[in-house]
Amino acid sequence: MVGEMTREDRRTWLDTRARAPWHGFRLWLLSFPTMIVVTWMNTAVSLISIGVGIPMIPSAAKLQRRMTNVYRDRIGAWTGRPIERPYLPHTKGSFATMTRAQRCFMRAVSDPATWRDYSFLMCEPIVAIFTCALPFLLIVYGVWGWMLSLWAGAVLGDIGAQDWYAMIPISQDYTQQPERVVGTAVLGTLFIAVGFLIGPAMLDYHARWARWLLGPTEKAKLALRVQHLTETRHDAVDVSAAELRRIERDLHDGAQARLVAMGMSLGAIEHLLDKDPEKARLLLAETRASSAKALAELRDLVRGIHPPVLADRGVGDAVKALALDHPLPVEVTVELPGRPEAPVESAVYFAICEMLTNAAKHSGARRVWVELTHNDGTLRATVTDDGQGGASLEAGTGLRGVERRIGTFDGVLALSSPPGGPTIVTLEVPCDLRTTSHP
């Protein structure tokens, strides 16, 4: 199988097996601070009966969460099996009649994740030895076999000691028996090879075990889902209200003011038709120009609400049209076999608008690339610029608003913008595509 791999695949295969034992050993090393955390939790639980444990439990639970979050982050990064935070949200009014200390205690003990974290940390030092840490220990034992075959046999013989390596006795006459020396080296090589070969599998077994206990239960998933929907609903309402205020402001300051001025001009023309026809003709020309400007402003306003090209041709062509009017050269790649639902399409389009605006205003870029793809039921849009980097979701660049907009559709936004660039903004929205156009 390895012989059939490409050079890059073979390098990845070897790199994975080289890193897995070390990653597993590092996870096992976390057992030492883990035992301290478990001891603190055991002490708090044992003192509940006399009341001392009540204020201790919240701090112990908080310490547990920090420890298990370290496991979640490292396991997700090293195995590709992300583990979600399972902790239930605190609802207002829960345990309202209790004191603050009692509320903290009840919230900690009533969350099943607290005791699942506790169970994981209690068992983890032993489980890790037989899963993720085992490959590293085999490699170390194999290295010890080679050391015995090269030096340790003579040293043990000199001091008259006796030891065993697997089934091979290491005694005073060890160096005079070449078959034992060779057997020790061969066994050591086998242990090292097995350690590297089983490393990824054992790390994956450990990740599954951790995910089983540290991941959210069905109840927790439902509660977190309700919380997410509540937050996105509020965000959607806020976005809609802000959009309505913008439309009202644009109408009031633009088209509405021009229409009022046109009405006044038409009234003046009516009085001037008999007295001063020449002046009435000039006012008519000005009114015609004002009507054209009002119509253009109304079209711009409609385009800002839902561009006609978006409704007629879809998000791919709409983004291409947007790129033509952008001050920077924008290269657009679209690989969409169909069109998403209109609300999703609109959200993605305006999110890309915001990202392109940010690139023009803040990045100092010379070029921008936009890519739209759809894979595995997810619409992905990536905007990359070759600017100075350093963008942040907290820097007031509008990306937080984009995140809220697509969050309404369970979308997520990822930002990579190291100092010096490039800046890569990726958004993913789960959706299906339709081959027919929107009505």
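Read the figures in this text as sums done on the coordinates, not as results from a lab. From a predicted model like this one, the values you see are computed outputs, not experimental measurements. As a convention, Cβ positions derive from the backbone with ideal geometry for all residues, glycine included, and neighbour counts pool all protein chains shown.
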Between residue 88 and residues 5 or more places away or on another chain, which pairs have amide H atoms under 5 Å apart, with H built 1.01 Å from N, and which residues are they?
113
Go through the stretch 407-413 residue by residue and turn each phi into a ³J(HN,Hα) via Karplus (6.51, -1.76, 1.60, θ = phi - 60°); whole Hz please, and just put x for glycine and proline.
x, 4, 10, 6, x, 10, 10
Computed ³J(HN,Hα) along the stretch 367-372: with the Karplus parameters 6.51/-1.76/1.60, θ = phi - 60°, integer Hz and x for glycine or proline, the list is 7, 9, 10, 10, 10, 10
What residues qualify as long-range amide H neighbours of residue 334, i.e. H under 5 Å apart, gap of 5 or more or another chain, H built at 1.01 Å from N?
372
Check residue 165: other-chain or 5+ apart residues with amide H under 5 Å from its amide H, H built from backbone geometry?
170
Table column - 3J(HN,Hα) (Hz), the stretch 339-352, Karplus curve with 6.51, -1.76, 1.60, x for Gly and Pro:
10, x, 4, 4, x, 5, 4, 5, 4, 5, 4, 6, 5, 5
Proxy reagent accessibility, fewest Cβ within 10 Å first, across 382, 39:
39, 382
Taking Lys and Arg as +1 and Asp and Glu as -1, residues besides residue 326 with C-beta under 14 Å from its C-beta add up to 0
